[in-house]
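The values are calculated or read from the model by the stated rules, or taken from the named source; none is laboratory data. A quick note: this is a predicted structure, and the numbers were derived from the prediction, not measured. Every residue, glycine among them, receives a Cβ derived from its backbone with ideal geometry; neighbour counts consider all protein chains shown.
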Amino acid sequence: MSRVAARLCQERAAAEGLGSKRNAVKYLNQDYEALKQRCLQAGTLFKDEEFPACPSALGYRDLGPYSFKTQGIIWKRPTILIYSPSNVQYHGPKCIGDPRSSRLNGSYEALTGGSTMEGFEDFTGGISESYELRRAPSNLYQIIQKALRAGSLLGCSIDITNTAEIEAITSLKLVKGHAYSVTGAEEVYYRGRPEKLVRLRNPWGEVEWTGAWSDNAPEWNYVDPKQRQALDKQVDDGEFWMAFSDFQRQFTRLEICSLTPDTLTSNEVNKWDLTLFNGQWRRGSTAGGCQNYQATYWTNPQFKIRLDEPDDDHEGSLNEPCCTILVGLMQKNRRRQKKMGEALLSIGYSLYRLENNTDIHANRAFFARNQPAARSDPYVNLREVSSRMKLPRGEYLIVPSTFEPYKNGEFCLRVFSEKQAKTQMIGDVVAAKPYEPHVDNKDIDDEFKNLFQKLSGEAIYKKVDSDYSGTIDAHEMRNALREAGFTLSNEVQHSIVTRYACSKLTIDFDGFVACMIRLETLFKVFHLLNKDKSGVIQLSLAEPIACSSCAQCSQELEVRSSEADDELLGTSGMGTAPRTDRGFSKHSGTMRLGSVFQEEEQGWKTIGK
């Protein structure tokens with residue numbers, strides 16, 4: 001119950017704005033202004049009690065307390081404050097890492113295996129994309145220009161093959177293994193033809209490119225003086241121009257970090273429209289794996305996006321109005337869990353064109369008939385995978401997944417669009433239309449039999465149990481309950497699998513029937529209390545306590561009546577017969593209600609959204 005209550009509080013706080021730029025979450029409940037004021041009043045330097053300077057802060061294995069790499073470590077405070085450290089060349093050994101990032105991830109060792117893209121995202125909150133310049137798309141120059149107009153951060157570098165090449169300077173004065181900033185992209189007329197140029201900056205403030213279009217290159221003599229002056233060409237300031245063709249040949253990689261709209265304060269930049277979803281992959285319910293696993297792929301979380309307004313330069317590959325979107329899938333908390341043996345999962349996503357406007361979770365048949373309209377790069381074990389794509393106007397289904405099924409994890413899906421897009425999470429609708437036959441007194445025996453068969457769900461169970469094993473796979477429970485008239489959200493599916501599936505992620509006939517009866521009672525009670533049809537109910541403190549106190553009595557009655565039930569009903573041929581007194585006993589409604597309140601809290605929360 002405490003887990004459900006905590007999640008409910010978090011969701012309500014997020015809905016009220018907690019976690020936004022104006023109302024940031026206090027990490028470890030620490031307030032910067034309060035800590036600063038306390039240090040000023042005491043006349044002491046800040047000492048972080050939540051992340052102390054001790055061996056555990058370094059790591060857990062390679063940098064653990066007993067590792068030879070950490071022997072003789074001396075904790076020191078910096079004695080010189082540098083206003084702009086990016087302009088200072090550092091000749092000593094590399095520092096261990098940024099204490100802010102290590103604090104968020106639990107230790108310095110948790111940062112190993114990071115990338116420039118992660119650094120971009122951690123310090124800006126943006127979404128990054130990477131391009132290998134040897135295999136760059138044909139419209140890369142237009143992408144760079146758009147990114148600069150949107151206020152994005154751009155960096156490029158030259159890969160190295162060994163440690164000896166770190167910060168080695170080439171004959172044309174480019175530094176290997178060194179991060180450059182891309183600060184401009186302009187076209188000039190050179191000898192009667194357009195020439196694409198890019199402007200780069202060396203953070204050292206010196207050591208500049210000496211090839212074509214460098215500061216003193218002869219190519220500038222053939223450019224219109226007004227245009228040359230507009231490009232603000234200065235000598236020995238660390239910033240220089242070079243031809244885009246040379247840029248692609250000399251550099252290896254380009255990384256772009258697009259910033260969120262709330263980060264950009266200038267009205268002169270073209271801001272992205274952002275949509276963010278948080279989701280989970282859970283074994284047995286929503287961890288379906290990639291398209292190679294057709295039996296489970298359809299159970300992955302699904303999100304719908306509708307693109308109506310094309311880009312300003314809307315020509316696409318098919319010469320029809322197209323919309324640019326940037327999709328990023330990030331797995332959450334994996335670095336923090338490294339010390340517990342958790343590694344980064346291989347993740348990816350696919351987009352499917354939707355022809356019919358539907359809000360229902362797509363089934364296996366849909367994916368058998370349709371191929372992806374776009375997808376991320378091959379599945380890779382990075383913290384985030386992202387890609388930019390141009391799509392014709394219409395509705396699309398985004399399916400994020402891990403490479404292998406049955407992998408637990410949390411993720412964040414972000415969609416950046418040039419124009420406003422309508423988005424929706426598929427599968428968050430909760431509704432029930434269970435079968436309720438009309439019973440005529442003249443045919444009570446036959447109708448009672450039909451009612452019993454419907455409540456037991458025998459026909460539905462046999463239909464889903466394709467291998468006649470007497471059990472159904474947990475991921476098929478969604479289809480079985482849909483056949484019975486229940487449309488449930490992903491969170492309710494998580495709760496059902498947790499409650500009724502065994503360690504092999506299968507559900508037997510008893511569990512299936514118990515789940516159906518419990519769900520039907522839950523919906524009936526909820527609709528009874530939801531008198532104003534608002535979809536939200538309020539309970540006093542006494543009501544759930546009183547109901548939960550009946551649960552233990554209900555379980556005792558069920559145990560005592562089990563032998564009598566078996567004698568009365570026999571076996572169904574698919575395991576132990578369902579105890580139908582739960583559905584017909586005059587006492588069972590009250591007892592089941594207590595059980596519902598106690599064991600299906602997650603269902604209450606979801607239905608009451």
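For segment 159-177, check the following and say yes or no: at least one residue is of a type in the set (A, V, I, L, M) and touching an Asp or Glu at 6+ places or on another chain (Cβ under 7 Å).
Looking through segment 159-177, at least one residue is of a type in the set (A, V, I, L, M) and touching an Asp or Glu at 6+ places or on another chain (Cβ under 7 Å).
Please pick out the residue among Ile325, Ile360 that is in contact with a strand residue (DSSP E or B) (Cβ under 6 Å, 6 or more places away or on another chain), in the same structural domain as Lys304 (by TED's automatic domain parsing) and either surrounded by 16 or more Cβ atoms within 10 Å (Cβ to Cβ) or assigned to a loop (DSSP other than H, G, I, E, B) (or both).
Result of the check over Ile325, Ile360: Ile325.
Here is a yes/no grid of residues against (1) under 26 Å from the mean Cα position of the chain (by Cα); (2) surrounded by fewer than 20 Cβ atoms within 10 Å (Cβ to Cβ):
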position	(1), (2)
Ser466	no, yes
Arg478	yes, no
Thr498	yes, yes
Ile507	no, no
Asp510	no, yes
Met516	no, no
Leu519	no, no
Lys524	no, yes
Leu529	no, yes
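Check Glu395 against each of (1) touching a Gly at 6+ places or on another chain (Cβ under 8 Å); (2) surrounded by 14 or more Cβ atoms within 10 Å (Cβ to Cβ); (3) modelled with pLDDT of 70 or more and name the one condition it does not meet.
Every listed condition holds for Glu395 apart from (1).
Only residues in segment 509-537 that are in the same structural domain as Ile472 (by TED's automatic domain parsing) count as the first member; pair them with residues that are in a helix (DSSP H, G or I) and of a type in the set (Ser, Thr, Tyr), Cβ under 8 angstrom, at least 6 apart or cross-chain, and list the lot.
Correct list of pairs: Phe509/Tyr461; Gly511/Tyr500; Phe512/Tyr461; Phe512/Tyr500; Val513/Ser456; Ala514/Tyr500; Cys515/Tyr500; Arg518/Ser595.
Count, please, the residues in segment 125-138 that happen to be over 26 Å from the mean Cα position of the chain (by Cα) and surrounded by 13 or more Cβ atoms within 10 Å (Cβ to Cβ).
Count: 2.
Could you please find all residues in segment 23-76 being touching a residue at least 40 places away in the same chain (Cβ under 8 Å) and in the same structural domain as Gln10 (by TED's automatic domain parsing)?
Within segment 23-76, Tyr27 is the sole residue that qualifies.
Looking only at segment 171-202, count every residue that is surrounded by fewer than 17 Cβ atoms within 10 Å (Cβ to Cβ) and touching a residue at least 60 places away in the same chain (Cβ under 8 Å) and tell me the total.
Adding up the residues that qualify gives 2.
Yes/no matrix, rows are residues, columns are (1) farther than 27 Å from Ala110 by Cβ; (2) acidic (Asp, Glu):
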| site | (1), (2) |
| --- | --- |
| Leu8 | yes, no |
| Ala14 | no, no |
| Gly19 | no, no |
| Lys47 | no, no |
| Asp62 | no, yes |
| Lys69 | no, no |
| Gly72 | no, no |
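Kindly provide the set of residues from segment 363-376 that are in a loop (DSSP other than H, G, I, E, B) and in contact with a Phe, Trp or Tyr (Cβ under 7 Å, 6 or more places away or on another chain), ordered by number.
Asn363, Asn370, Pro372, Ala373, Ser376
Would you check which residues across segment 145-162 are of a type in the set (A, V, I, L, M) and within 18 Å of Asn202 (Cα to Cα) and list them?
Hits for segment 145-162 are Leu148, Leu153, Leu154, Ile158, Ile160.
Of the numbered conditions (1) at pLDDT below 90; (2) aliphatic (A, V, I, L, M); (3) within 19 Å of Trp272 (Cβ to Cβ), Ala343 fails exactly one; give the number of that condition.
(3)
Would you mind telling me which numbered condition in (1) out of contact with any strand residue (DSSP E or B) (no Cβ under 6 Å at 6 or more places or on another chain); (2) outside any loop (DSSP other than H, G, I, E, B); (3) among the small types (Gly, Ala, Ser) Gly184 fails?
Among (1) out of contact with any strand residue (DSSP E or B) (no Cβ under 6 Å at 6 or more places or on another chain); (2) outside any loop (DSSP other than H, G, I, E, B); (3) among the small types (Gly, Ala, Ser), the lone unmet condition for Gly184 is (1).
Does segment 404-424 contain at least one residue that is without any contact (Cβ under 8 Å) to a residue 60 or more places away in the chain and of a type in the set (Ser, Thr, Tyr)?
For segment 404-424, residues without any contact (Cβ under 8 Å) to a residue 60 or more places away in the chain and of a type in the set (Ser, Thr, Tyr): absent.
Just a yes or no: is a residue in segment 277-290 in a loop (DSSP other than H, G, I, E, B), modelled with pLDDT of 90 or more and closer than 29 Å to Arg22 by Cβ?
no
Suppose we filter segment 527-545 for residues that are at pLDDT below 75 and acidic (Asp, Glu); how many remain?
1
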